[in-house]
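Inspection log for the structure reproduced underneath, given as structure tokens.
The values are calculated or read from the model by the stated rules, or taken from the named source; none is laboratory data. Keep in mind that this is a model prediction, so the values were computed, not measured. Ideal geometry is used to build each Cβ from the backbone, glycine not excepted, and the neighbour counts take in all protein chains shown.
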Amino acid sequence: MLCFIIFLRTKNQTMSVLKSNIPEGPLKDKWTNHKNNINLVNPANKRNIDIIVVGTGLAGGSAAASLAEMGYNVKSFCYQDSPRRAHSIAAQGGINASKNYQNDGDSDYRLFYDTVKGGDYRSRESNVYRLAEVSGNIIDQCVAQGVPFGRDYGGLLDNRSFGGVLVSRTFYAKGQTGQQLLLGAYSAMNRQIGKGKIKMYNRHEMVELVKVDGKARGIIARNLETGELERHSAHAVVIATGGYGNVFFLSTNAMGSNATAAWKIHKKGAFFANPCYTQIHPTCIPRSGEHQSKLTLMSESLRNDGRIWVPKNMDDVKAIREGKVKPTEISEENRDYYLERRYPAFGNLVPRDVASRAAKERCDAGYGVNQTGEAVYLDFASAIQRYGKQEAAIARIENPSTEKIIELGAAVIESKYGNLFQMYEKIVAENPYKTPMMIYPAVHYTMGGVWVDYNLMTTVDGCYCIGEANFSDHGANRLGASALMQGLADGYFVLPYTIGDYLSNEIRTGNISTESKEFENAEKEVSDRIDKLMNIKGTKSVDHFHKLLGKAMWEYVGMARNEAGLKKAMSEIKQIRTDFWSDVKIPGDKNSLNPELEKAGRVADFLELGELFAKDALQRNESCGGHFREESVELDGEQKGEAKRNDNDFAYVAAWEHKGDPSDAVMHKEELEFNDIELKQRSYK
Ligand SMILES: Cc1cc2nc3c(=O)[nH]c(=O)nc-3n(C[C@H](O)[C@H](O)[C@H](O)COP(=O)(O)OP(=O)(O)OC[C@H]3O[C@@H](n4cnc5c(N)ncnc54)[C@H](O)[C@@H]3O)c2cc1C
């Protein structure tokens, strides 16, 4: 179905045409039919076609390796000193696939269903079904590469459960799944680097998109070591530059994660979809004070075995905060396992948005267990007991002592989550085998991103966007272990097919010169921007402004949002942006390694994106997934107090077109059609 959506002109919404290019036919046949009918590029022609891939995380790394393997010439860019250091390396818990190895009823349809439901019915059915369909291939591909997924005693691939689902479909490599998958993609890339099919540009940052006759034809990249601006041309440009959670300053993302590439293409015509959809992850190490620059995730996999609670009585809360009582001294009947209480069906494995809001609700009510009042417990004592007894039975130990049970149980927990426990102990200086972890929600992932059609092409011809950087598959809330799945699906199994359709029309284009007016202008644009930043010579550091932005975002655009707060955020962010451009101080010079200059460019983009983010949240006057509007709450019945979605008015993707100032951006709607899934109230009770 070629989806044309036409709208009338209002203040922020104009006549628009968004072509999502969803293929015709039944849902389960769409992808197969599409692949069968897609135009192909013959091998001899592939050798004459260049593709730029910006980003070497799981999305970009897998795409670059696959495209080069197919015969295209790939130019690959990342700002780190090695592709291997992309943020994807941080992913801990696992990757979903509908293999049904546990024989617990899983199927492509169930993975599709869980993902659409988990995303609160704000994602495109066709994309999500395709994702589920190719999920199994990803595991096969990675196993073939040698990724050491966790295995059970018999040597078969093991699975664990993640939030929002009732099956076990998450493949994992201890708490280092991202690292192992990235090593797989990196080795596939390296094979092509060795063959000369991928030219790797480490320590290069894409700072502008170059368009020629409306098509993406290249980029301007800054060599971060020399400061030199370089022109690179190609027949297509793929953006795989990750998410923008660092717009909040504090997040679980890598310190370098940024929105610059996505924002630059947005300013050159790529629509930006659903910027307000952010995932706040419930299990992160709580903030410790004002001078912190990074938050640390404790993987969701821990909720398989950890139970979340706060004390029932305020006296116990006070005693804990004053250090008079230890959490282990609070009796079972005086603990409030609030997720198990409120959501008996899913318990501690409710989706992230639900778990985060429930933690906030308890802490707002005064039950937070640390000094800042922003922490709840994640407790492994009962899992240690359960596993300990099981292990004792297996070892035929009769009447094992309590100590023996704890020893055996702790060993099981260590084998499952050892590196996470070690990380927690190193940061908090408490032993989580002996005392419950403290956790609190933190910004973790952005479901919003560059709008793409079914082929993953943006609204700029020849410019594609994959992985976390695009908006595609997760709707208003991403389920755990599905980002790695999406990034690798895009890079290994979707883009390599769909890009051929576009490139089949490029076989006669020939080499693209970088000496054109368009490249010259784009380079000058970048050079002027850098000069402007360097010449401000103000008094405040880049971080000063980034922190202010983060505070405004967290306060007004964080876990709960309302109209007044969002309007305030928009005006505050505008002011911070004005102040930044008149008072930022960037030491050093532009012609050498200058991390402050790098940061300044990124924060300048965050300061624009932040405002659009708030504007998007303001127009979406419904609660859905990670976007909770205080004005839109269930008032009665079993769901009282839960988020209230409004399908009549908001079942659409909001795709924003750049028009200068972020406040002038124009919204285009892609109406979401649900033909194979019934829109229901999301209940995990
Ligand atoms: C702590 C943590 C744990 C997680 N655990 C899981 C998990 O268990 N399971 C799961 O499914 N998901 C998990 N996620 C989410 C998942 O890791 C990410 O969504 C995913 O790895 C993003 O991959 P990506 O390839 O899209 O981008 P990234 O891995 O962020 O890669 C971005 C790449 O783009 C490059 N880049 C960016 N901007 C530029 C530029 N302007 N010029 C040049 N290069 C640029 C970078 O150098 C990098 O190579 C986790 C996330 C975090 C923060």
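Taking helices (runs of 4 or more DSSP H) that fall entirely within the range 335-444, which contain at least 1 residues that are modelled with pLDDT of 95 or more and within 27 Å of the chain's Cα centre (by Cα)? Full working, then the answer.
Numbers: elements: 338-342, 352-364, 381-394, 402-428.
Fully inside the range 335-444 and qualifying: 338-342, 352-364, 402-428.
Filter the range 507-531 for residues that are assigned to a helix (DSSP H, G or I) and in contact (Cβ under 8 Å) with a residue 12 or more places away in the chain and give the result. Talk me through it step by step, then tell me what you get.
Restricting attention to the range 507-531, the residues satisfying the condition of being assigned to a helix (DSSP H, G or I) are 517-531.
Those that are assigned to a helix (DSSP H, G or I) and in contact (Cβ under 8 Å) with a residue 12 or more places away in the chain: Glu518, Phe519, Ala522, Glu523, Glu525, Val526, Ser527, Arg529, Ile530, Asp531.
Go through the range 99-115 and count every residue that is over 20 Å from the mean Cα position of the chain (by Cα) and under 22 Å from Asp305 (Cα atoms).
Result for the range 99-115: 7.
Of the residues Leu479, Leu495, Leu484, which is in a loop (DSSP other than H, G, I, E, B) and crowded, with 24+ Cβ neighbours inside 10 Å?
Leu479
Would you point out the residue of the range 256-284, among those that are of a type in the set (A, V, I, L, M, F, W, C) and within 11 Å of the ligand (Cβ to nearest atom), that is farthest from Leu607 (Cα to Cα)? Before you say what the answer is, go through the steps one by one.
Restricting attention to the range 256-284, the residues satisfying the condition of being of a type in the set (A, V, I, L, M, F, W, C) are 259, 261-263, 265, 270-273, 276, 280, 284.
Adding the requirement that they be within 11 Å of the ligand (Cβ to nearest atom) leaves 259, 261-263, 265, 284.
Details: Ala259: 10, Ala261: 14, Ala262: 14, Trp263: 11, Ile265: 16, Cys284: 25 Å.
So, considering only residues that are of a type in the set (A, V, I, L, M, F, W, C) and within 11 Å of the ligand (Cβ to nearest atom), the one farthest from Leu607 (Cα to Cα) is Cys284.
Taking the condition of a type in the set (Asp, Glu), surrounded by fewer than 24 Cβ atoms within 10 Å (Cβ to Cβ) and over 26 Å from Thr509 (Cβ atoms), does Asp29 pass?
Working: of a type in the set (Asp, Glu): yes; surrounded by fewer than 24 Cβ atoms within 10 Å (Cβ to Cβ): yes; over 26 Å from Thr509 (Cβ atoms): yes.
So Asp29 passes the test.
Applying the selection to the range 653-685, what residues are within 22 Å of the chain's Cα centre (by Cα) and hydrophobic (A, V, I, L, M, F, W, C)?
Scanning the range 653-685 gives Val653, Ala654, Ala655, Trp656, Leu672.
This table checks each residue for (1) more than 13 Å from the ligand (Cβ to nearest atom); (2) farther than 27 Å from Arg682 by Cα.
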| position | (1), (2) |
| --- | --- |
| Ser82 | no, yes |
| Asn100 | yes, no |
| Asp104 | yes, no |
| Asp114 | yes, no |
| Gly118 | no, no |
| Arg130 | yes, no |
| Glu133 | yes, no |
| Asn137 | yes, yes |
| Pro148 | yes, yes |
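Checking Ser233 against (1) surrounded by 24 or more Cβ atoms within 10 Å (Cβ to Cβ); (2) more than 9 Å from the ligand (Cβ to nearest atom); (3) of a type outside the set (D, E, K, R), which single condition isn't satisfied?
For Ser233, the failing item is (1).
In the range 208-229, how many residues are surrounded by fewer than 23 Cβ atoms within 10 Å (Cβ to Cβ) and touching a helix residue (DSSP H, G or I) at 6+ places or on another chain (Cβ under 9 Å)?
Of the range 208-229, the ones surrounded by fewer than 23 Cβ atoms within 10 Å (Cβ to Cβ) are 211-215, 223-229.
Among the residues that remain, those that are also touching a helix residue (DSSP H, G or I) at 6+ places or on another chain (Cβ under 9 Å) are: 211-213, 224, 227, 229.
Final tally of qualifying residues: 6.
Could you tell me which of the residues Leu607, Leu618 is of a type in the set (A, V, I, L, M), surrounded by 16 or more Cβ atoms within 10 Å (Cβ to Cβ) and touching a Cys at 6+ places or on another chain (Cβ under 9 Å)?
Working: Leu607 fails: touching a Cys at 6+ places or on another chain (Cβ under 9 Å).
The conditions single out Leu618.
Considering only the range 278-312, how many residues are in a loop (DSSP other than H, G, I, E, B), charged (D, E, K, R) and closer than 25 Å to Phe171 by Cα?
Total meeting the criteria: 1.
Being closer than 14 Å to Ala236 by Cβ, touching a helix residue (DSSP H, G or I) at 6+ places or on another chain (Cβ under 7 Å) and within 12 Å of the ligand (Cβ to nearest atom) is the filter here; which residues of the range 61-80 pass it?
Ala63, Ala64, Ser76
For residues that are more than 12 Å from the ligand (Cβ to nearest atom) and crowded, with 18+ Cβ neighbours inside 10 Å, scanning just the range 36-60, find the one that is nearest to the chain's Cα centre (by Cα).
Initially, the range 36-60 is screened for residues more than 12 Å from the ligand (Cβ to nearest atom), giving 36-51.
Applying the additional criterion that residues be crowded, with 18+ Cβ neighbours inside 10 Å yields 41, 46, 49-51.
On the way: Val41: 32, Lys46: 32, Ile49: 31, Asp50: 28, Ile51: 24 Å.
The selected residue is Ile51.
If you take the residues of the range 265-316 that are free of Cβ contacts under 8 Å to residues at least 40 places away in the same chain and over 23 Å from Glu555 (Cβ atoms), which of them is surrounded by the most Cβ atoms within 10 Å (Cβ to Cβ)?
Filtering the range 265-316 for residues that are free of Cβ contacts under 8 Å to residues at least 40 places away in the same chain and over 23 Å from Glu555 (Cβ atoms), the one surrounded by the most Cβ atoms within 10 Å (Cβ to Cβ) comes out as Asp316.
Taking Tyr153 as meeting all but one of (1) surrounded by fewer than 23 Cβ atoms within 10 Å (Cβ to Cβ); (2) within 23 Å of Gly449 (Cβ to Cβ); (3) at pLDDT below 95, write down the number of the exception.
Failing condition for Tyr153: (2).
Conditions tested, residue by residue: (1) more than 29 Å from Tyr277 (Cα to Cα); (2) more than 9 Å from the ligand (Cβ to nearest atom); (3) touching a residue at least 40 places away in the same chain (Cβ under 8 Å); (4) polar (S, T, N, Q).
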site	(1), (2), (3), (4)
Lys215	no, yes, yes, no
Thr226	yes, yes, yes, yes
Val237	no, yes, yes, no
Thr241	no, no, yes, yes
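Anything in the range 243-255 that is near the ligand (Cβ under 7 Å from one of its atoms) and closer than 27 Å to Asn455 by Cβ? List them, or say none.
Answer for the range 243-255, where residues must be near the ligand (Cβ under 7 Å from one of its atoms) and closer than 27 Å to Asn455 by Cβ: just Gly243.
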